[in-house]
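Only one structure is covered here, and it is reproduced in the block below.
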Amino acid sequence: AHLAALVLARGGSKGIPLKNIKLLAGVPLIGWVLRAASDAGVFHSIWVSTDHDEIEKVAKQFGAQVHRRSPEVSQDSSTSLEAIKEFLNHHHEVDIIGNIQATSPCLHPSDLIKVADLIQKEGFDSVFSVVRRHQFRWSEVKKGENKMTEPQNLNPAKRCRRQDWPGELYENGSFYFAKRHLIEKGYLQGGKMAYYEMRAEHSVDIDIDIDWPIAEQRVLSFGYFGKEPLKEVKLLVCSIDGCLTNGRIYVTEDQKEMVSYDYRDMVGIDLLRKKGIQVRLISERDCSKTLSAMQLGCIAKVSATNKLEVLENWQKDMGLSWKEVAYLGNEESDVECLKNAGMSGVPADACAVAQKAAGYICKSNGGCGAVREFAEHIFLLLEKVNSARKQ
């Protein structure tokens with residue numbers, strides 16, 4: 001049976017414009033669930049249904065196929081079921097749909113693997129995600145009604161402690177798996193049904209957690225970052241032109257070159273050193289005089305025709321694994337370095353191929369605080385590494 005992952009990502013959003021591709025902890029929101037779906041290894045195909053060019057572009061960057069949905073199912077009033085039905089009408093090879101919500105960035109591949117087993121091996125027709133909550137419910141009293149509220153799931157005279165009460169299961173909207181015959185009848189849940197209980201810390205819904213910084217902290221703590229476990233970064237290599245500087249070169253009348261840099265980036269480099277992370281710089285052009293004027297005190301390689309070769313030599317000389325190396329680049333010449341480094345980033349104005357290869361896209365442009373921002377991202381992930389060690 002062909003099991004397809006389908007992420008619905010309409011361009012319109014009443015709350016946050018283009019929310020589905022807004023950067024969350026340096027990754028487009030939709031990228032978190034696409035990465036989890038890909039690494040689960042249980043889907044025969046992975047699709048994004050969208051009506052927007054930019055969402056299509058990001059979806060393809062993360063390896064998904066794109067179904068361009070029609071205007072009829074792209075309205076504010078359109079339902080998920082309508083969009084899924086339209087997708088199935090165009091893809092007759094699909095037998096089972098795993099509808100994954102783009103707004104659930106803490107989804108892990110292990111959850112999807114277990115759900116696929118429920119559908120494919122245990123014969124369930126539909127499986128949906130739930131989370132356990134320990135919340136006491138009371139009946140609603142509308143304004144003007146002369147009534148008392150009533151307890152719904154507790155006895156006020158014998159309130160139990162949280163640890164003595166199993167709680168209740170609530171849909172969390174993370175995913176809905178269903179067989180084709182159910183969806184064609186107009187159901188996402190039906191037939192032989194099962195729920196899948198997700199861990200509370202993985203049950204993050206951006207539609208609810210509208211406060212983006214809080215959601216970012218949740219993702220950094222509980223999100224899925226890839227198959228390989230994170231390691232402590234020991235070396236950051238930064239491309240000079242376009243990352244440490246804005247890439248512009250000013251030439252005076254007497255033919256002298258000048259570049260500008262952001263003091264925040266100098267602070268970022270200093271903070272990395274204080275954390276025991278070595279910082280090295282690299283450039284395709286000879287900018288020795290510029291580096292000398294900056295007085296950064298970093299080992300640097302200029303006139304580097306092959307950046308990956310330089311990076312490999314540094315990595316071997318320091319006895320580091322790739323997972324212990326971070327790289328900040330912005331050009332096509334940085335792509336292989338970005339792909340190999342355990343932690344990779346690009347400024348917001350990096351070229352498209354570099355953005356596609358990077359694990360983190362800064363909000364700041366090159367020469368405008370991107371190094372400092374990437375340093376802060378490294379520190380946050382190091383906290384995650386240290387937390388995992390303690391556990």
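Values quoted throughout were computed directly from the atomic coordinates according to the rules given, and no laboratory measurement underlies them. If you're wondering where the values come from, they're calculated on a predicted model, not measured in any experiment. Note that each Cβ is placed from the backbone with ideal geometry, even for glycine, and that neighbours are counted across all protein chains shown.
Quick look at the values:
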quantity: Value of D in µm² per second that Stokes-Einstein yields for the chain, Kirkwood Rh from Cα pairs, at 4 °C (1.567 mPa s); calculated: 55
quantity: DSSP bridge pairs, segment 235-389: antiparallel proportion in percent, nearest 5; calculated: 15
quantity: Förster radius 51 Å - calculated FRET efficiency between Asp286 and His134 (Cβ-Cβ, nearest 0.05); calculated: 0.20
quantity: Neighbourhood net charge (9 Å Cβ-Cβ; Lys/Arg +1, Asp/Glu -1) for Asp125; calculated: +2
quantity: Considering only segment 1-143, percent of DSSP beta bridges that pair antiparallel, nearest 5; calculated: 10
quantity: Nonlocal amide H pairs with Tyr327, under 5 Å, H built at 1.01 Å; calculated: Val237, Met343, Ser344, Gly345
quantity: Calculated P(r) tail over 23 Å for segment 235-389, as whole % of Cα pairs; calculated: 31
quantity: Distance-filtered residues of segment 300-315 - backbone nitrogen under 17 Å, label point 7 angstrom along Ile249 Cα→Cβ; calculated: 301-306
quantity: Cleavage-rule hits, chymotrypsin sites (Phe, Trp or Tyr not before Pro), segment 34-99, DSSP coil, Cβ neighbours within 10 Å at most 12; calculated: none
quantity: Listed residues Gly247, His108, Cys298: farthest to the positive end of the dipole of the chain (Cβ charges); calculated: His108
quantity: 24 Å Cα-Cα threshold exceeded, pairs from Lys22/Lys307; Lys301/Lys323; Lys227/Lys384; Lys234/Lys301; Lys227/Lys356; Lys19/Lys363; calculated: Lys22/Lys307
quantity: Equivalent ellipsoid dimensions for segment 3-222 as semi-axes, Å, which come from the Cα gyration tensor, largest first; calculated: 31, 21, 19
quantity: Residue-span extension gain [Glu201 to Ser45] - 0.36 nm each, minus C-alpha spacing; calculated: 53.4 nm
quantity: For segment 1-33 and segment 259-309, distance of Cα centres in Å; calculated: 35
quantity: Computed magnitude of the charge dipole of the chain (debye, nearest 20; Cβ of K, R +1, Cβ of D, E -1); calculated: 1280
quantity: Virtual paramagnetic centre 7 Å along Cα→Cβ of Lys227, amide N under 17 Å, in segment 3-36; calculated: 34-36
quantity: Alpha carbon centroid spacing (whole Å) that separates segment 171-232 from segment 55-110; calculated: 15
quantity: Within segment 2-104, GluC sites (Glu not before Pro) in DSSP loop having at most 16 other beta-carbon neighbours inside 10 Å; calculated: Glu93
